Amino acid sequence: VEQKPGDGEATVTQHRGKGGRLRDVSVVLQESSFGGQPALLLAAQDITRHQRAERVIKTQHAVTHALARSQSTQRAARELLLEVCRGLDWAVGVIWLADPQTGRQRCLDTVSRNPERFSEFLRETALAKSPADGDLPADFWSAGRARWQPDVAAGRSGARVEAAVSAGLRGVVSV
């Protein structure tokens, strides 16, 4: 096999697999010859996990930097949410904190990459003084650990759930 110098630059693209899921793929195309005949060599590698791990590391760095430069809890919360949503490609971020006077949860801040699309959900969330029992933040808070729920509406109702579903939000992560 004879290779030409300067060929073979890797290109990162996306490919939709059998199940419909998008995968990050590194593709290298190299002009070559085989047995005196022109040939093309193609190498493709699924780099989805590597790309995801790289995004997480970059997000961790950005969050650490945002927290270090913030002068207040409110500002730190907003910067943290923005960096997590940007870095992990999340549509919406919400921070709930315990109110020191009442011990109940309150929404400290919300962010979204597309506030027009999620305006009703963001409004309902910001107006919530303290999530009611049965609301995801209350359930997640009482669990005292990180949780993921793939279906935001599973067994739930209320204005926030209706707004989330109508805006196309599907899952919830709590850390």
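So residue 73 ticks every box in (1) within 20 Å of the chain's Cα centre (by Cα); (2) modelled with pLDDT under 85 but one. Which box is left unticked?
For residue 73, the failing item is (1).
Test residue 97 against the stated conditions and say whether it is open to solvent by 50 Å² or more (accessible area, probe 1.4 Å), under 22 Å from the mean Cα position of the chain (by Cα) and not β-branched (Val, Ile, Thr). Break it down stepwise before answering.
Details: open to solvent by 50 Å² or more (accessible area, probe 1.4 Å): yes; under 22 Å from the mean Cα position of the chain (by Cα): yes; not β-branched (Val, Ile, Thr): yes.
Criteria met by residue 97.
Test of understanding: among 127, 122, which residue is within 17 Å of residue 162 (Cα to Cα) and either surrounded by fewer than 18 Cβ atoms within 10 Å (Cβ to Cβ) or touching a helix residue (DSSP H, G or I) at 6+ places or on another chain (Cβ under 8 Å) (or both)? Steps first, please.
Working: 122 fails: either surrounded by fewer than 18 Cβ atoms within 10 Å (Cβ to Cβ) or touching a helix residue (DSSP H, G or I) at 6+ places or on another chain (Cβ under 8 Å) (or both).
Sole residue among the options that is within 17 Å of residue 162 (Cα to Cα) and either surrounded by fewer than 18 Cβ atoms within 10 Å (Cβ to Cβ) or touching a helix residue (DSSP H, G or I) at 6+ places or on another chain (Cβ under 8 Å) (or both): 127.
Out of the residues in the range 156-175 that are open to solvent by 40 Å² or more (accessible area, probe 1.4 Å) and of a type in the set (Lys, Arg), state the one that is nearest to residue 112 (Cα to Cα).
170
Do we have any residue at all in the range 69-85 that's among the basic types (Lys, Arg), touching a residue at least 12 places away in the same chain (Cβ under 8 Å) and under 30 Å from residue 118 (Cα atoms)?
Looking for residues that are among the basic types (Lys, Arg), touching a residue at least 12 places away in the same chain (Cβ under 8 Å) and under 30 Å from residue 118 (Cα atoms), one finds at least one in the range 69-85, hence yes.
Exactly one condition in (1) open to solvent by 100 Å² or more (accessible area, probe 1.4 Å); (2) at pLDDT below 85 is not met by residue 6; state its number.
Checking residue 6 against (1) open to solvent by 100 Å² or more (accessible area, probe 1.4 Å); (2) at pLDDT below 85, the one that fails is (1).
Do we have any residue at all in the range 132-149 that's touching a residue at least 12 places away in the same chain (Cβ under 8 Å), of a type outside the set (Ser, Thr, Tyr), more than 27 Å from residue 58 (Cβ to Cβ) and open to solvent by 70 Å² or more (accessible area, probe 1.4 Å)?
yes
What is the one condition in (1) open to solvent by 20 Å² or more (accessible area, probe 1.4 Å); (2) within 12 Å of residue 92 (Cβ to Cβ); (3) out of contact with any Ser or Thr (no Cβ under 8 Å at 6 or more places or on another chain) that residue 153 does not satisfy?
(2)
Yes/no matrix, rows are residues, columns are (1) more than 22 Å from the chain's Cα centre (by Cα); (2) surrounded by 11 or more Cβ atoms within 10 Å (Cβ to Cβ); (3) under 27 Å from residue 163 (Cβ atoms); (4) among the aromatic types (Phe, Trp, Tyr):
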site	(1), (2), (3), (4)
10	yes, yes, no, no
21	no, no, no, no
31	yes, yes, no, no
43	yes, yes, no, no
56	no, yes, no, no
90	no, yes, yes, yes
93	no, yes, yes, no
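The values are calculated or read from the model by the stated rules, or taken from the named source; none is laboratory data. Everything quoted here is computed from the prediction, not taken from an experiment. Counting neighbours? That spans all protein chains shown, and the Cβs are built from the backbone with ideal geometry, glycine included. The protein model used for the area step is the full one, side chains on, heavy atoms only, and it has no ligands, DNA or RNA in it. Shrake-Rupley method; radii C 1.70, N 1.55, O 1.52, S 1.80 Å.
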